[in-house]
Amino acid sequence: MISFFNYFYKFSLGLVVILYFSCAQFRGPKYPEIIYNNKQPLISVKYEYGEIQIILPIQYDGDIPENILFKVFAKADTMNPIISFLQEAPSEFRTTLPQGSLDITEKTNLIKIIPQDENFDPVSVRFKGIGFGRIVLPPKVIRSGQLIISGKTFLKNDASILPKVKVEIKDAEDVIFTTSSNDSGFYQIAIPGESRFSENLRIVVGENLIFKPLTQKLIFENSRKLKINALLGPSRAMRGPLYITEKSNVHFKKGPDIGAEILFLLNKGEVVSVDRITPGSYHGFIEVEISGGENIMMEGWVNRADLRELNLNSIRKVIKQ
Amino acid sequence: MYSIIKYSIGSFLYMSLACSQIKLDINTIPDEVDVYLDGVNLGTSPVRNERIIPGAHIFEIKKKGYAPLKYDLIVNPSKAVEIDFFLNPVHACKFKTKEKGLVFELNGEHYWDTDNIRLDLEAGDHTLRVFKASELIDEQNIKIDKPETFNYKEKKIISN
């Protein structure tokens, strides 16, 4: 019985093997490679782009311009703004830019703030960008532009250039700025724009000279620039011999006598053109400025002890150590 | 000192990469195929919330029964990128003929001269050329869109 099953098993196995190879022959051989036709694959790529929101707080120091033009430049291109718009002076500048529009490696992006008011100067904010998201920049202070005072210093007597003359800007008694004219007699001073609202702003020129310094009130009405040429010392109309007061509150009197009417109290450095001399007094003329900046000559008497002769070759104060 | 510099450079590079990375999603038809990005296996599709940096990259998709796919892509700086790949299937076909003495050429690079052969063909158009005694006697396009059997007769091809 066992040998029958063993025989049947071997017979069936042989039959299966024969059938398999017979069918394989019938199906034919298989080509060894997959045959591609190099068709372009079908692929879809979708990008999602973000946005960059820029927030720049604006602070105003004093005056506020009515309108401001904002221009945003990117990637060191300062010719073609990527966005620009004019708006009323805001407390915060906000704008939205497309992703990739800013340089994210260097501080080559720029916001130019251009107040539409000639009293303000344009200011810029440089910043490094981001790929997308929000940037809050440090607050930017907008203040009115600097006030410029410039001019030359001359000797009034012969209109020659007077170099190295001390120039001061004072607000009441506070000295805001000090400089000196150069060898060409030129000076230039820049002071903060908010000083334009001060009522006691003035320039004082020539405090290092023996003459009375030139003092002039500074009034900026339509311009932020003032040109003041300082003519110092006696004018050409003052004929020699010239004397100069050695102290302040020197009496300039109507007559030489004691008790004569006092016309003026002269400050230190006032020049007197002397034409007559008595044992105790000098008679001469002083220049008095009247309204409109015009000078007139007035005659009078001064005690001899209050004057010393003026040497125009030695007009600088000697500072004693 | 050296370690501080190394740490600083490392931190800078890490921050730069972190800031410039883009979210990557990959879909494939069919799904559950191995996806390789620049030679690194990202796992099976669909791929979600991977990160990629802008620039040139190579995507490779492999699945048995489909033509392998290799795709070069320059990824733009963006917030996210989603890529869909449609794989082209490979069909098991049979090619038979009763003609004698013919040599068959497919796509200019595959040859056989048997009258009965099984072929694995990528779906799409293929160019069949037939030669007899080294002379071109027939040329035609065959379109594969399903597993099928072709019976070739000289100047005539008949599919089941």
Modelled FRET efficiency - R0 35 Å, A:GLU106 with A:SER223, Cβ distances, 0.05 increments: 0.35
Among the lysines, select those whose C-alpha is under 30 Å from the C-alpha of B:LYS100, and discard any that sit fewer than 8 residues away in the same chain. A:LYS30, B:LYS132, B:LYS143, B:LYS146, B:LYS153, B:LYS155, B:LYS156
In whole Hz, with x marking every Gly and Pro, tabulate ³J(HN,Hα) for the stretch B:116-130 from phi via Karplus 6.51 cos²θ - 1.76 cosθ + 1.60, θ = phi - 60°. 8, 8, 9, 10, 9, 10, 5, 4, x, 8, 10, 10, 9, 10, 10
Amide H to amide H, which residues 5 or more places from A:LEU266 or on other chains are under 5 Å from it, using H placed in the peptide plane? A:ASN249, A:VAL250, A:HIS251, A:PHE252
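Roughly what % of Cα-Cα distances in the stretch B:94-160 sit above 21 Å, to the whole percent? Write down the numbers at each step before the final one.
Working: 278 of 2211 pairs.
Within the stretch B:94-160, distances greater than 21 Å cover 13 percent of Cα pairs.
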Considering the Cα trace of the stretch B:19-70, what is its radius of gyration and what is Dmax, both in angstroms? 11.3, 40
Could you give the alpha-carbon Rg of the stretch A:52-115 over 2.2 N^0.38 Å, rounded to two decimals? 1.16
In the stretch A:174-275, how many lysine pairs have Cα atoms under 28 Å apart, counting only pairs 8 or more places apart or on different chains? 14
Amide H contacts of A:LYS317 (H built 1.01 Å from N, under 5 Å, at least 5 apart or other chain): A:LEU209, A:ILE210
Sum of -39500 (n - 2.57) over DSSP H runs of 4+, divided by residues of chain A (222 nm, nearest 500): -3000 deg cm²/dmol
Other-chain or far-sequence residues with amide H under 5 Å of B:TYR66's (modelled H): B:VAL90
Can you list, bin by bin at 10 Å, the percent of alpha carbon pairs in the protein assembly as shown, starting at 0? 3, 12, 12, 11, 10, 9, 8, 7, 6, 5, 5, 4, 3, 3, 2, 1, 0, 0
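Largest first and in whole Å, give the semi-axes of the stretch A:39-198's equivalent ellipsoid, each being the square root of 5 times a Cα gyration tensor eigenvalue. Display every interim value, and only then the final one.
Working: eigenvalues 488, 67, 29 Å².
Values for the stretch A:39-198, descending: 49, 18, 12 Å.
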Rounded to whole Hz, the Karplus (6.51, -1.76, 1.60) HN-Hα couplings of the stretch A:102-118, x for glycine and proline: 10, 6, 9, 10, 10, 7, 10, 8, 9, 10, 9, 10, 10, x, 8, 7, 5
Alpha carbon centroid spacing (whole Å) that separates the stretch A:138-201 from the stretch A:29-63: 60 Å
Distance in Å, no decimals, from the C-alpha centre of the stretch A:270-321 to the one of the stretch B:50-86 is 96 Å
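Quantify how much of the Cα-Cα distance distribution of the stretch A:172-238 extends past 14 Å, in percent. Numbers along the way, then the final one.
On the way: 1434 of 2211 pairs.
Summing the P(r) of the stretch A:172-238 above 14 Å gives 65 percent of all pairs.
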Hull surface over four for the Cα convex hull of the stretch A:114-229, reported in nm², is 10.2 nm²
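With N residues in the stretch A:243-300, what two-decimal value do you get for its Cα radius of gyration over 2.2 N^0.38 Å? Provide the component values of the computation, followed by the final result.
Working: Rg = 11.4 Å, N = 58, 2.2 N^0.38 = 10.3 Å.
Normalised Rg, Cα atoms only: 1.11.
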Angle between the Cα long axis of helix A:2-27 and the longest principal axis of chain A, 0 to 90 degrees, nearest 10? 60 degrees
Taking only C-alpha positions in the stretch A:64-153, Rg and Dmax in angstrom work out to 15.3, 58
Apply the Karplus parameterisation 6.51 cos²θ - 1.76 cosθ + 1.60, with θ equal to phi minus 60°, to every residue of the stretch A:215-223 and state each ³J(HN,Hα) to the nearest whole Hz, in sequence, with x for glycine and proline. 10, 9, 6, 9, 10, 9, 9, 10, 9
Largest first and in whole Å, give the semi-axes of the stretch A:25-91's equivalent ellipsoid, each being the square root of 5 times a Cα gyration tensor eigenvalue. 67, 13, 9
Rh by Kirkwood over Cα pairs, then Stokes-Einstein D for the stretch A:186-321 at 1.002 mPa s and 20 °C, µm²/s: 127 µm²/s
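Here, each number is a calculation from the coordinates, and none is a lab measurement. Keep in mind that what you see is a predicted model, and the values were worked out from it rather than measured. Counting neighbours? That spans all protein chains shown, and the Cβs are built from the backbone with ideal geometry, glycine included.
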